[in-house]
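All remarks here apply to the structure that follows.
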Amino acid sequence: MAASDKVVTDFLSYLKKVKKLSGHTIISYQNDLDQYILFLSEECSIKDITKANHQHARGFIAKLMDEKNSPRTANRKLSCLKAFYKYCLQQDLIKVNTVSKVQGPRTPKKLPVFVEEDSMEKLLKDLKFDESYKGMQSKLILDLLYQTGIRRSELTGLKTDDVDIFNSEIKVLGKRNKERIIPVNIELKRNLETFVTVKRDKGLTSEFMFVTEKNKPLSASQVYTLVKKYLSLVTTLHKRSPHVLRHTFATHLLNNGANINAVKELLGHANLSATQIYTHNTIEKLKKTYLQAHPRSGN
């Protein structure tokens, strides 16, 4: 193994063991570094990644943009490089981290896509679900995603023991293995309790909360397909994913006066800036109300 390869391997191990990043994220970092190493070799005749500098990183980003990658993709890859060279600096493998000052392309701000309140009401109150185990589970998953804002990975990783019926709360394992407690209302609590009983009566003994009738944990793709299927019945949004329900959870809370710091904790965000993007939807709603109602708005 070349010295450069060992540095990358050690960095990925550091991300897993020290930073506690998910396997999916680590694979993403590895792919980004592999792509950069190939760029250095083919475009710059550099075989050792630790010998590259900010000019090479800028060239890499420029190439990504020339290849019609999105600014978001380019910035994600640049973030990976910055983290890698920060690690190299900490390990005394380089003297200066010049990549830290490289700026990525501007990313146009996109407001989070969310489902309107009346559409969610139609989905969970008016829509008829199959009375089978599968139908019951589908409705509970939709309700849980909407009422708690948990991520798809947190839902598929939820275990029966993580549901505290007595205290009306669930415990989820978020990014970087950080646990958080989320309250549930009485109706959702009862539905969770009923579902646990139904599972037990069917002989489904898996430790995971949501499983197939063959007692196998639901996969991420199965949850995505389920959510897309039912959201398609109540909304014309182009995006109809589990993450849209997370956006919907946060937006509806803020639209109805929730404290942004409380929403931050419920979502499991590390920084308030990640939560603040949802306030833009609230502002847009206020603007719309003003333009429709104020006599001097110009309408």
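Just so it is clear, none of the values below were taken in a lab; they were calculated from the coordinates. All of these numbers come straight from a predicted model, not from anything done at the bench. Heads up, the Cβs are rebuilt from the backbone with ideal geometry, glycines too, and the neighbour counts pull from every protein chain shown.
Quick notes on this structure:
- Reported to the nearest whole Å, the Cα centre-to-centre distance from the stretch 129-160 to the stretch 1-77 is 37.
- With a simple spin-label model that places each label point 7 Å from the Cα along the Cα-to-Cβ direction, the separation between Lys239 and Leu93 comes to 3.4 nm.
- Under the combined filter of DSSP loop state and at most 13 neighbouring Cβ atoms within 10 Å, the stretch 97-206 retains these trypsin sites (Lys or Arg not before Pro): Arg106, Lys109, Lys110, Lys128, Lys178, Lys202.
- Between 0 and 90 degrees, the angle of helix 54-66 with respect to the longest Cα principal axis of the chain falls at about 50 degrees.
- Convex hull of Cα atoms in the stretch 117-290, direction-averaged projection (nm²): 10.5
- For the pair the stretch 174-219 / the stretch 228-253, the C-alpha centres are spaced 21 Å from each other.
- Other-chain or far-sequence residues with amide H under 5 Å of Lys159's (modelled H): Met209
- The string of couplings for the stretch 115-127 from the Karplus curve (6.51, -1.76, 1.60, θ = phi - 60°) is 8, 5, 4, 5, 5, 5, 5, 5, 5, 9, 10, 9, 5 Hz, one whole number per residue in order, with x for Gly and Pro.
- Nearest-ten-degree value, helix 3-17 long axis tilted from longest Cα axis of the chain: 20
- Considering only Thr205, Asn177, Ala262, and ranking their Cα positions along the charge dipole of the stretch 117-290 that arises from unit charges at the beta-carbon of Lys, Arg, Asp and Glu, the one farthest toward the positive end is Asn177.
- Estimated FRET transfer efficiency (Asn255, Ile26; beta-carbon r; R0 41 Å; 0.05): 0.65
- Over the chain, all Cα pairs binned in 5 Å intervals from 0 give whole-percent P(r) values of 1, 5, 9, 12, 13, 13, 11, 10, 9, 7, 5, 3, 1, 0, 0, listed from short to long.
- Converting phi to 3J(HN,Hα) with the Karplus coefficients 6.51, -1.76 and 1.60 and the offset θ = phi - 60°, the stretch 216-232 yields 9, x, 5, 7, 4, 5, 5, 5, 4, 4, 4, 5, 4, 4, 7, 5, 4 Hz in sequence order, with x at every glycine or proline.
- Between 0 and 90°, nearest 10: helix 242-255 axis offset from the chain longest Cα axis: 70
- Shown in residue order for the stretch 129-135 are the 3J(HN,Hα) couplings computed by the Karplus curve 6.51 cos²θ - 1.76 cosθ + 1.60 at θ = phi - 60°: 9, 4, 7, 6, 4, 4, x Hz (x for Gly and Pro).
- The magnitude of the dipole of the stretch 3-101, with charges of +1 and -1 set on the Cβ of Lys/Arg and Asp/Glu and taken from the Cα centre, is near 480 debye.
- Ser70 paired with Lys47, simple spin-label distance in nm, labels 7 Å along Cα-to-beta-carbon: 3.8
- Computed from point charges on the beta carbon alone (+1 for Lys and Arg, -1 for Asp and Glu), the dipole magnitude for the chain about its Cα centre is near 700 Debye.
- Among Ala83, Asn31, Ser70 - extreme Cα towards positive end, dipole of the stretch 3-101, charges at beta-carbon: Ala83
- Against the compact-protein benchmark of 2.2 N^0.38 Å, the Cα-based radius of gyration of the stretch 92-169 scales to 1.85.
- For the stretch 3-101: rounded, prolate or oblate by the Cα gyration tensor [a/c cutoff 1.5]: oblate
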